[in-house]
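The values are calculated or read from the model by the stated rules, or taken from the named source; none is laboratory data. What you are looking at is a predicted structure, and each value in this text was computed from that prediction instead of being measured. Glycine also receives a Cβ, built like all others from the backbone with ideal geometry; neighbour counts cover every protein chain displayed. When the accessible area is computed, the model is the full protein with side chains, heavy atoms only, and any ligands, DNA or RNA have been set aside. Shrake-Rupley method; radii C 1.70, N 1.55, O 1.52, S 1.80 Å.
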Amino acid sequence: MARGVGRGDFTKESDTDVLVVSDDLPEDRRQRLDLIFDARGVAPEIEPVAWLEREWEEREARGDPFLAILRREAIAVDLRP
């Protein structure tokens, strides 16, 4: 969870940003977008983003500044068995 919730400065108007990183997601980005936006119908206060493990690793290899923000501000939740 990132941004306001992760930093602890959220308000009742804040949404919750959630990044899901999993190889169980569809490879096709359009299918993945359909899946996560369907999930928003269940919980509209959630702002989901979904990446495959390799996409995370590629961003890490490029030095993506967004990952630095996530490491500094986000709360990691590992649901792997």
Original post:
Looking only at residues in the range 67-81 that are in contact with a helix residue (DSSP H, G or I) (Cβ under 7 Å, 6 or more places away or on another chain) and in a helix (DSSP H, G or I), which one is most open to solvent (accessible area, probe 1.4 Å)?
Top reply: E73
Original post:
If you take the residues of the range 40-54 that are surrounded by 15 or more Cβ atoms within 10 Å (Cβ to Cβ) and either aliphatic (A, V, I, L, M) or assigned to a helix (DSSP H, G or I) (or both), which of them is nearest to the chain's Cα centre (by Cα)?
Top reply: A50
**OP:** Return yes when L25 is open to solvent by less than 90 Å² (accessible area, probe 1.4 Å) and modelled with pLDDT of 90 or more and no when it is not.
**Re:** yes
Subject >> Residues of the range 6-22 that turn out to be in contact with a strand residue (DSSP E or B) (Cβ under 9 Å, 6 or more places away or on another chain) and modelled with pLDDT under 75, as a count >> reply: 3
Original post:
Out of curiosity, is E58 modelled with pLDDT of 85 or more and among the charged types (D, E, K, R)?
Top reply: yes
